[in-house]
Amino acid sequence: MNIRALFIDMDGTLLTSSNEISQRNAETINRLTNQGVKVFLATGRQYEITAPYHSLLGLKAPMICLNGASIHDGFTGRVAQMNPVVLDEAHFHRVTNEIPCNIIVHTTDGLYCNKTCKEVDEWTREGKVPPRYIGDLRHVDYRNVLKYSVRTGSHGSHMSHLFSDAADVIDWKDGFEIVAPGVSKWAAIQVLIRAFGINPEETATIGDGPNDIQMLRYAGISAAMANADQEVKAAADVTTGHHEQDGLAEFIEKYLVQSFAV
């Protein structure tokens with residue numbers, strides 16, 4: 001199998017639970033890039049907390065951020081493509097204010113949150129960019145939204161269907177995300193592989209979340225992490241190890257590096 005591009009999810013895949021890249025994962029990625037395979041990060045994270053890991057790994061390829069809502073140049077970080085999502089804001093705030101939840105609005109000029117939380121604090125530490133606003137989101141005029149994250153503490157399907165007519169929704173165990181219609185990691189991958197002259201069957205993907213399902217289903221070869229839910233594993237060709245046990249490196253070593261061995 002001639003794989004020319006690997007697309008890697010970050011949280012629960014590349015990173016440990018303490019947001020670190022293991023030495024084995026880093027070394028295996030380096031071996032793959034040295035063999036001429038393009039390695040991309042494809043994440044739900046915003047650019048500011050993707051770029052440090054991209055740099056740490058010495059990657060040059062563009063970054064897919066916010067579930068495909070934005071693509072950033074691998075050298076300059078400039079936005080190469082973005083797809084804002086448009087909602088009826090009054091409806092959004094009316095629905096999300098009915099129950100206690102954490103709301104994070106990812107815009108082209110930063111984060112807007114209704115309250116601080118551990119996740120936002122960690123992002124601020126990693127990206128060194130604090131939210132632009134924390135407070136009642138009905139009282140701030142944010143624009144150019146790329147993704148809404150709503151953390152309710154329960155499965156997203158209880159509420160996300162209220163927005164599915166206007167946008168694409170991704171359900172998680174503890175809430176849901178909203179992006180523009182047609183936005184996904186796989187849609188962004190298609191844009192990039194066309195630009196690089198790579199066929200879909202020449203791609204490999206690896207991930208652990210519901211936002212990875214499309215790219216796992218349609219890549220030439222794909223792997224779900226051992227820590228993924230069954231729905232995600234069902235979309236992948238193989239299941240690899242846990243993200244705390246170098247499952248990414250295991251997949252690369254078993255299926256990708258060997259395919260280029262001489």
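Tell me the relative contact order for the range 124-174 as a rounded percent, counting alpha carbon contacts under 8 Å between residues six or more apart.
Numbers: 23 pairs, mean separation 15.0, N = 51.
Once normalised by length, the contact order is 29 percent.
One chain, two ends: Arg138 and Asn199. Fully extended at 0.36 nm per residue, the span grows by 17.5 nm beyond their Cα-Cα distance.
With 5 Å bins beginning at zero, the pair-distance distribution over Cα atoms of the range 100-197 amounts to 3, 12, 19, 21, 20, 14, 7, 3, 1, 0 %. With Rh defined as the Kirkwood radius, the inverse of the mean 1/r over Cα pairs, the Rg/Rh of the range 1-138 is 1.02. Accessible surface for Arg4 stands near 80 Å², nearest 10, in the context of the full protein assembly shown (1.4 Å probe).
The alpha carbons of the chain stretch over 61, 36, 34 Å along the principal axes, in descending order.
Given the options Val129, Val85, Val150, state which has the largest fluctuation in a GNM of the chain using a 10 Å cut-off (strictly under) for Cα springs. Among Val129, Val85, Val150, the largest mean-square fluctuation in the Gaussian network model of the chain belongs to Val129. Between Glu27 and Ala226, full extension at 0.36 nm per residue minus the direct alpha carbon distance yields a gain of 69.6 nm.
If you run the Gaussian network model on the chain, springs between alpha carbon atoms under 10 Å, then out of Gln245, Gln230, Gln81 the most flexible one is Gln230.
Taking the range 183-262 as the region of interest, what is the percent of Cα-Cα pairs per 10 angstrom bin, listed from the shortest bin to the one with the maximum distance? In whole percents, the pair-distance histogram is 20, 48, 29, 3. The separation of the range 1-61 from the range 154-180, counted between C-alpha centres, amounts to 27 Å.
For the range 128-183, rounded, prolate or oblate, judged on the Cα gyration tensor with a ≥ b ≥ c (square roots of eigenvalues), a/c < 1.5 rounded, else prolate if a/b > b/c?
prolate
In this simple spin-label approximation, Glu20 and His161 carry label points 7 Å from Cα along the Cα→Cβ vector, and these lie 4.4 nm apart. Only Cα pairs under 8 Å and 6+ residues apart enter the sum, and on that basis the relative contact order of the range 13-104 stands at 17 percent. Taking the helices alone, the chain has a mean residue ellipticity at 222 nm of -6500 deg cm²/dmol, built from -39,500 (n - 2.57) per DSSP H run of at least 4 residues and averaged over all its residues.
On the basis of the beta-carbon distance and an R0 of 41 Å, Gln190 and His93 show a calculated FRET efficiency of 0.75.
Percent of C-alpha pairs per 10 Å bin in the range 162-227, short distances first: 20, 45, 29, 7.
The relative contact order of the chain comes to 21 percent, based on Cα pairs under 8 Å that sit 6 or more residues apart.
Eigenvalues of the alpha-carbon gyration tensor of the range 1-64, scaled by 5 and square-rooted, set the equivalent ellipsoid semi-axes at 18, 13, 11 angstrom, largest first.
The values are calculated or read from the model by the stated rules, or taken from the named source; none is laboratory data. Just so we're clear, the structure is a prediction, and the values are computed from it rather than from any experiment. All Cβ positions, even for glycine, are placed from backbone atoms using ideal geometry, and neighbour counts span all protein chains on display. Just so you know, the surface numbers come from the protein's heavy atoms only, side chains and all, with ligands and any DNA or RNA stripped out. Shrake-Rupley method; radii C 1.70, N 1.55, O 1.52, S 1.80 Å.
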